[in-house]
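A.B. asks: Pasting a structure here, questions to come.
The values are calculated or read from the model by the stated rules, or taken from the named source; none is laboratory data. Fair warning: this is a prediction, and the values are worked out from it, not measured in the lab. Backbone-built Cβ (ideal geometry, glycine too); neighbour counts: all protein chains shown. Surface areas here come from the heavy atoms of the whole protein model, side chains and all, with no ligands, DNA or RNA. Shrake-Rupley method; radii C 1.70, N 1.55, O 1.52, S 1.80 Å.
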Amino acid sequence: MHIGLIGGIGPAATISYYQRLTSAMRQEGHQLELTIVNADVDTLLHNNTSRNADAQAKVYAGLIDRLKAAGADCVAITSLGGHFCLEETVPLSSLPIVSAVAPVDAFFVSQGIQTVGLLGTGVVMRTKLYDQLEHTNAVVPDDVEDVGQAYTDMAVVGACNDTQRNYFFEEGRKLIAKGAQAVVLAGTDLNLAFDGPDVGYKVIDALDIHVTVLVDLATGRAKLSNHSLGGSA
């Protein structure tokens, strides 16, 4: 199956998707059919902060049409924060959209995790993953806006310095103190901070869950209807 990615939001997350998809498919012994289009991160941030989901959905719809013209069979958005307008995008989409949000709740259940801590954009934390956690409790930082802004600043630049890294590590520790069994990287650029070091608590990267779903689709192990959130073919 030919996978289409809406990338650029932010660039580091897009690179992580590309690296992990190609690595996983190589290990599976399959060739990856992939096309990536670039969404403008500044446009997305403007539409997100102004809560203009309809405007961003129209941007996505145009990009999805380009992916379809390139031969893609489905599309994924390489940003959990970029899912803020998913409900508005689905009816405009010319391809099925493979959500990064929908699979995470089932993953937590499969791991026996009842409570998670969320780090990511302000909207992801405020809505506790867009109210998609039906079987899992979620705790968020005391100051969602400051953490969300710190995340956005890092994502736009596409790099993480030591001060930012330590800040996110400490916010994660606070979530564990609040009762979280694991800290979920609910912002795909957070791998810039958490990739590699042992922070002393369990960390789950939502990007890895999404990539697993996409690999299952790309290899034919799963059918599109099992994971898509709509969009007419």
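A.B. asks: For ASN191, what is the net charge nearby, where nearby means another residue's Cβ is under 11 Å from its Cβ and Lys, Arg count +1, Asp, Glu -1?
C.D. replies: So the environment of ASN191 carries a net charge of -3.
A.B. asks: Please give the per residue accessible area of the chain, computed with a probe of 1.4 Å over protein heavy atoms only, in Å².
C.D. replies: About 44 Å² of surface per residue is accessible.
A.B. asks: Considering only protein heavy atoms, what is the solvent-accessible area of HIS83 at a probe of 1.4 Å, reported in Å² to the nearest 10?
C.D. replies: 10
A.B. asks: Within the set LYS128/LYS178; LYS128/LYS174; LYS58/LYS223; LYS202/LYS223, which residue pairs have Cα atoms separated by over 25 Å?
C.D. replies: Beyond 25 Å: LYS58/LYS223; LYS202/LYS223.
A.B. asks: Another question, if that's okay. Rounded, prolate or oblate, given the Cα gyration tensor of the stretch 90-193, with a/c below 1.5 counting as rounded?
C.D. replies: Note, shape of the stretch 90-193 comes out oblate.
A.B. asks: Carbon and sulfur together cover what percent of the accessible area of the stretch 109-216 at a 1.4 Å probe radius?
C.D. replies: 44
A.B. asks: A follow-up question, please. Which value, in Å² rounded to 10, gives the accessible area of LEU129 with a 1.4 Å probe and all protein chains present?
C.D. replies: The accessible area comes out at roughly 0 Å².
A.B. asks: Going by accessible area, probe 1.4 Å, with all protein chains left in place, what is the ranking of ARG221, ARG126, ARG51, largest first?
C.D. replies: ARG51, ARG221, ARG126
A.B. asks: Using Cα-Cα distances under 8 Å and only pairs 6 or more residues apart, what relative contact order does the stretch 113-155 have, in percent?
C.D. replies: 48
A.B. asks: Kindly express, to the nearest 10 degrees and within the range 0 to 90, the angle between helix 162-177's C-alpha long axis and the longest C-alpha principal axis of the chain.
C.D. replies: Helix 162-177 sits at roughly 80 degrees to that axis.
A.B. asks: Give the distance, in whole Å, between the Cα centre of the stretch 58-116 and the Cα centre of the stretch 8-53.
C.D. replies: 11
A.B. asks: Could you work out the relative contact order of the chain? I mean the mean sequence separation of Cα pairs under 8 Å and 6+ apart, divided by the number of residues, in percent.
C.D. replies: Worked out over the chain, it gives 25 percent.
A.B. asks: Something else about it: What's the local net charge at LYS178, with K and R +1, D and E -1, over the other residues with C-beta under 12 Å away?
C.D. replies: So the environment of LYS178 carries a net charge of 0.
A.B. asks: For PHE84, tell me the accessible area in Å² from a 1.4 Å probe, rounded to the nearest 10.
C.D. replies: Here the residue's solvent-accessible area equals roughly 40 Å².
A.B. asks: Order the following by accessible area, largest value first: TYR17, TYR130. Probe radius 1.4 Å; ligands, DNA and RNA are ignored.
C.D. replies: TYR130, TYR17
A.B. asks: With springs connecting C-alpha atoms under 10 Å apart, model the chain as a Gaussian network and identify which of ALA76, ALA159, ALA186 has the largest mean-square fluctuation.
C.D. replies: Of ALA76, ALA159, ALA186, the Gaussian network model singles out ALA159 as fluctuating most.
A.B. asks: Helix 11-28: angle to the longest alpha-carbon principal axis of the chain, degrees 0 to 90, nearest 10?
C.D. replies: 70
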